[in-house]
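Since every read-out is calculated from the coordinates, none of them should be taken as a lab result. These numbers were taken from a predicted model, which means no experiment stands behind them. Using ideal geometry, Cβ is built from the backbone for each residue, glycine included, and neighbour counts are taken over all protein chains shown.
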């Protein structure tokens, strides 16, 4: 009987994998929905995600939260983390930072790196819980040691700024490097900033361009002006590319900011 169950789980996993890889989102959603209704926690978590995104199925954040909760009740830790995300951001429910923190805490205790990261974010800012930067750092460090790229970047920031640990720029640089190499765009930017400060401009340019590939709108909005004001022409040009990407992703204000940045750059003297 155990062999039959194991083989069924393998076949189910293969079907879900094929569904996700399909070029037909509606067919993928159908396969996922069928498996979710049959009781698969993985499929239930996937169904929550595609409902949240409206991928191959009508977008329904409230129903997404329902399926995340069903999967979480069956012990699916990523679904539990997503329950926290919904509660934190008000996706399909009222925003409730305290409830989000509790979901993240449970996911973290079950060993999920994303749960550690998200719970640490709330601890670091005091949202839904008492502010506790020390325990936030410990959680970021645990997640980073599990290979979580975003946590690596934040461990680097704690060391660079000396938050609850002794300031150590070399340790910070190492964590930024790990984050950058693991693919986190914020880590790539952090690493590039330290490299640029140390005169390693060619390496800095590489990582800034890498961040340009995967950064989100908030990231580009936060980092573009600093690059535009750099003393180095090459970094200013990358800054302009950040303005351009924000204009592509954002609104009319971002488009106007891009036009203004172009004008500013054209009036700046170029370094030899």
On Cα atoms only, tilt of 217-228 relative to the major axis of the chain in degrees: 10
Anisotropy class of segment 148-206 from Cα gyration tensor, a/c 1.5 cut: oblate
Choice from 138, 173, 123 with maximal GNM fluctuation in the chain (Cα, 10 Å cutoff): 138
Gyration tensor verdict on segment 216-266 (Cα atoms; rounded if a/c is under 1.5, prolate if a/b is larger than b/c, oblate otherwise): oblate
Cα shape, segment 101-223, gyration tensor, a/c 1.5 rule: prolate
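Arranged from highest to lowest average of other beta-carbon atoms within 10 Å per residue, in what order do the peptides 139-149, 112-122, 26-36 appear?
Going by the mean number of other Cβ atoms within 10 Å, highest first, we get 112-122, 139-149, 26-36.
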Folded to 0 to 90 degrees: helix 25-37 orientation relative to the chain principal axis, Cα: 50
For segment 228-253 and segment 145-163, distance of Cα centres in Å: 26
